[in-house]
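Q: Below: one structure in structure tokens.
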Amino acid sequence: MLNQGLQQQGLRQRSLSDLLPESLLTDLALIGVFAITIGIFAQISIPLPFTPVPITGQTFAVLIGSAALGLRRGTLGSLLYVGLGLMGVPWFAGATGGLKIAVDPTFGYLLGFIAAGAVVGYLAEKGLDRKFGRTVLLMAIGNVIIYSFGMGFLMLDLHLSIGRGLALGVTPFLLGDLIKLLLATGLLPGAWYLHNRLTRGREV
């Protein structure tokens, strides 16, 4: 079980998912639900005429889910989403799936989801999701990772300059990602605040 070692050491909860009862079934359910959630948010997709990269809800789902689940669950959930999508599950943006996605200009963003899931999950376990300012930094780091993978692959695939890569793979999405970031920075610290209040109430 993913968190058994932590519990044996008597450590406090490191991610929001650690607040749930520990079991292998819980682990598998959270990983599966996370992958499905990313797939659902991927269908919130708005194509843009000037770039192959659509506006989607995936980034929000990946970042907030990874922070809530922690390093191992977050990474495994992102891997499951990408892996099953490549195997043919039609839950990438636009209800697409299959190995053909691996040569699509947007494939780098999917790789970025896995990398961001690992890093954001790890940093959340270190407490970066518990205060507003730190959560802003956490979400910004996650976005930078996704953009780096996404824009890098886009540039290689389409033979773009850095300027064109930014114009097609980053700039059109900054405002939307800022809104997602602010929403996440309210939800995550808010959940921890509510948990701490309830816990103190039971201890009184």
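Q: Over all pairs of distinct alpha carbons, what does the Kirkwood formula give as the hydrodynamic radius of region 121-204, in Å?
A: Averaging 1/r across every pair of different Cα atoms and inverting gives 14.7 Å.
Q: Could you tell me which residue out of Ile40, Gly152, Gly70 lies farthest along the dipole of the chain toward its positive end? Charges go on the beta carbon: Lys and Arg +1, Asp and Glu -1, centred on the Cα centre.
A: Gly70
Q: If I take all pairs of Cα atoms in the chain, what percentage of them are more than 29 Å from each other?
A: Everything past 29 Å amounts to 25 percent.
Q: Quick one: putting +1 on the C-beta of Lys and Arg, -1 on the C-beta of Asp and Glu, what dipole do you get for region 85-175 around its Cα centre, in Debye to the nearest 20?
A: With only Lys, Arg, Asp and Glu charged at Cβ, the dipole is about 260 debye.
Q: How large is Rg/Rh for region 77-129, to two decimals, with Cα atoms and a Kirkwood Rh?
A: Rg/Rh: 1.08.
Q: On to the next question. Leaving ligands and nucleic acids out of the surface, order Trp192, Trp91 by accessible area at 1.4 Å, largest first.
A: Trp91, Trp192
Q: Can you give the three extents of the C-alpha atoms in region 24-120 along their principal axes, from longest to shortest, in whole Å?
A: 43, 23, 19
Q: Based on Cβ point charges of +1 for Lys and Arg and -1 for Asp and Glu, what charge dipole magnitude is obtained for the chain about its Cα centre, in debye rounded to the nearest 20?
A: Dipole size: approximately 520 debye.
Q: Determine the per residue accessible area of the chain with all protein chains present and a 1.4 angstrom probe, expressed in square angstrom.
A: With the other protein chains kept in place, the chain gives 50 Å² per residue.
Q: In the neighborhood of Ile38, defined by Cβ-to-Cβ distances under 15 Å, what is the net charge if each Lys or Arg adds +1 and each Asp or Glu adds -1?
A: Summing Lys/Arg as +1 and Asp/Glu as -1 gives +2.
Q: Now a separate question. Tell me, what are the semi-axes, in whole angstrom and largest first, of the equivalent ellipsoid of region 111-167 as set by the roots of 5 times the Cα gyration tensor eigenvalues?
A: 28, 12, 5
Q: Given the -39500 (n - 2.57) contribution per DSSP H run of 4+ residues, what per-residue ellipticity at 222 nm results for the chain, rounded to the nearest 500 deg cm²/dmol?
A: So the helix-based figure for the chain works out to -22500 deg cm²/dmol.
Q: For Arg164, tell me the accessible area in Å² from a 1.4 Å probe, rounded to the nearest 10.
A: 120
Q: Here is a follow-up. May I ask you to give the percent of accessible area on the chain that is carbon plus sulfur, with a probe radius of 1.4 Å?
A: Answer for the chain is 72 percent, counting heavy atoms of protein chains only.
Q: Something else: Kindly report, to the nearest 10 Å², the accessible surface of Ile36 as traced by a 1.4 Å probe over protein heavy atoms only.
A: Rounded to the nearest 10, the figure is 90 Å².
The values are calculated or read from the model by the stated rules, or taken from the named source; none is laboratory data. Only a predicted model underlies this, so the values are computations on that prediction, with no experimental measurement involved. Don't worry about glycine lacking a Cβ; one is built from the backbone with ideal geometry, like all the others, and counts go over all protein chains shown. Ligands, DNA and RNA are excluded from the accessible area calculation, which covers all protein heavy atoms including side chains. Shrake-Rupley method; radii C 1.70, N 1.55, O 1.52, S 1.80 Å.
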